[in-house]
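Colleague: Submitted below is the structure of interest, expressed as structure tokens.
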Amino acid sequence: MTVFADARQNMVDNQLRPTKVTDPQILAAMAELPRERFVPKSKQGTAYIDEDIEVAPGRFLMEPVVLARLLQALELTAETTVLNIGCASGYDAALLGRLVGSVVAVESDPALVKQASEMINELAIDNVAVMEAPLEQGYAGQAPYDAIFISGAVDEVPAALSDSLAPNGRLAVVIGGGEAGILGRAHLYVRSGDTLSSRPLFDAGTQMLPGFALEESFVF
């Protein structure tokens, strides 16, 4: 095994399995997908640490445990259609591509769109389309989606995203946090008719995605 293959297996055995990640498909996919190829070369040696990794100014790969637990909550199958918001360098989208039927990955940074598209093509993952668009607007052209995964923390879920869910569709995201010493909380949203319900899952110190912060209101 290579050094990175060993690191992937250590991530699965020592980070994921002890933190309630039990889905065999997720564990297998994360043991195989080369996370080091989605980070800058200067950071490849730390690609498998249990922390968010900056891949572009203000943009991060989510830490493996939070990522795996959120995906597990979505109850993904080989038939699931997924919208991935904020795919950055493409790791989350590529991982989803190994788990589901089809993925539309939205990224607002043109350089990251190019990087993610190239890497996904190099890995011969043919069920993922990377689209350039504002993150908070999603990609209504291919809606509805069985599942939506947001690759970072947000203050709230915009209606443009929740409205893109199919009946009984699910959305996984970390709400709030992102600042030093402040934890957000992972949530699972489920659409039932015109109602969107949510439940908290676990605490998570995930970096915020740009474009999702609540506007400050004036107090008179």
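The values are calculated or read from the model by the stated rules, or taken from the named source; none is laboratory data. Note that the structure is predicted; figures quoted are calculated from it, not measured. Here Cβ is always computed from backbone atoms with ideal geometry, including for glycine, and neighbour counts include all displayed protein chains.
Colleague: I'd like the full set of residues that are surrounded by fewer than 17 Cβ atoms within 10 Å (Cβ to Cβ) and either in contact (Cβ under 8 Å) with a residue 24 or more places away in the chain or under 16 Å from the mean Cα position of the chain (by Cα) (or both), limited to segment 18-33.
Modeller: Across segment 18-33, the qualifying residues are Thr19, Lys20, Thr22, Gln25, Glu32.
Colleague: Something else: With out of contact with any His (no Cβ under 9 Å at 6 or more places or on another chain), among the small types (Gly, Ala, Ser) and under 23 Å from Glu32 (Cβ atoms) as the only criterion, which of Ala78, Ala143 stands out?
Modeller: One residue alone meets the criteria, Ala78.
Colleague: Another question, then. Among the residues of segment 24-42, write down those that are outside any helix (DSSP H, G or I) and among the aliphatic types (A, V, I, L, M).
Modeller: Leu33, Val39
Colleague: Are there strands (runs of 3 or more DSSP E) fully within segment 82-179 with at least 3 residues that are of a type outside the set (A, V, I, L, M), touching a strand residue (DSSP E or B) at 6+ places or on another chain (Cβ under 8 Å) and at pLDDT 95 or above? List them.
Modeller: The strands (runs of 3 or more DSSP E) meeting that bar are 145-154, 165-175.
Colleague: Can you name every residue in segment 1-23 that is hydroxyl-bearing (Ser, Thr, Tyr) and part of a helix (DSSP H, G or I)?
Modeller: Thr19
Colleague: Quick check: anything in segment 1-9 crowded, with 20+ Cβ neighbours inside 10 Å, under 27 Å from Val157 (Cβ atoms) and out of contact with any Ser or Thr (no Cβ under 6 Å at 6 or more places or on another chain)?
Modeller: No, every residue in segment 1-9 fails to be crowded, with 20+ Cβ neighbours inside 10 Å, under 27 Å from Val157 (Cβ atoms) and out of contact with any Ser or Thr (no Cβ under 6 Å at 6 or more places or on another chain).
Colleague: Restricting attention to segment 102-127, which residues are over 27 Å from Asp155 (Cα atoms) and of a type in the set (A, V, I, L, M, F, W, C)?
Modeller: Those that are over 27 Å from Asp155 (Cα atoms) and of a type in the set (A, V, I, L, M, F, W, C): Met119, Ile120, Leu123, Ala124, Ile125.
Colleague: For the list (1) surrounded by fewer than 17 Cβ atoms within 10 Å (Cβ to Cβ); (2) farther than 16 Å from Ser108 by Cβ, I need the number of the one condition that Pro134 fails.
Modeller: With (1) surrounded by fewer than 17 Cβ atoms within 10 Å (Cβ to Cβ); (2) farther than 16 Å from Ser108 by Cβ applied to Pro134, the lone miss is (2).
Colleague: Also, quick follow-up: Can you pull out the residues in segment 185-195 that are at pLDDT 95 or above and not aromatic (Phe, Trp, Tyr)?
Modeller: Of everything in segment 185-195, those that are at pLDDT 95 or above and not aromatic (Phe, Trp, Tyr) turn out to be Arg185, Ala186, His187, Leu188, Val190, Arg191.
Colleague: Please go through segment 66-81 and give me each residue that is surrounded by 14 or more Cβ atoms within 10 Å (Cβ to Cβ) and either on the phi > 0 side of the Ramachandran plot or assigned to a loop (DSSP other than H, G, I, E, B) (or both), ordered by number.
Modeller: The answer is Leu74, Leu76, Thr80.
Colleague: Still on this model: Which ones in segment 36-60 are free of Cβ contacts under 8 Å to residues at least 60 places away in the same chain, hydrophobic (A, V, I, L, M, F, W, C) and closer than 21 Å to Glu122 by Cβ?
Modeller: Across segment 36-60, the qualifying residues are Val39, Ala47, Ile53, Val55, Ala56.
Colleague: Here's another thing I want to ask about it. Condition check: buried (at least 22 other Cβ atoms within 10 Å of the Cβ) and either acidic (Asp, Glu) or in contact with a Cys (Cβ under 6 Å, 6 or more places away or on another chain) (or both). Does Asp146 satisfy that?
Modeller: So Asp146 passes the test.
Colleague: Can you tell me which residue is farthest from the chain's Cα centre (by Cα) among those in segment 43-65 that are part of a helix (DSSP H, G or I) and within 19 Å of Thr2 (Cβ to Cβ)?
Modeller: Going through the qualifying residues, I end up with Gly45.
Colleague: Residues Gly141, Gly176, Gly193, Gly152: which one is exposed (fewer than 15 other Cβ atoms within 10 Å of the Cβ) and at positive phi?
Modeller: Gly193
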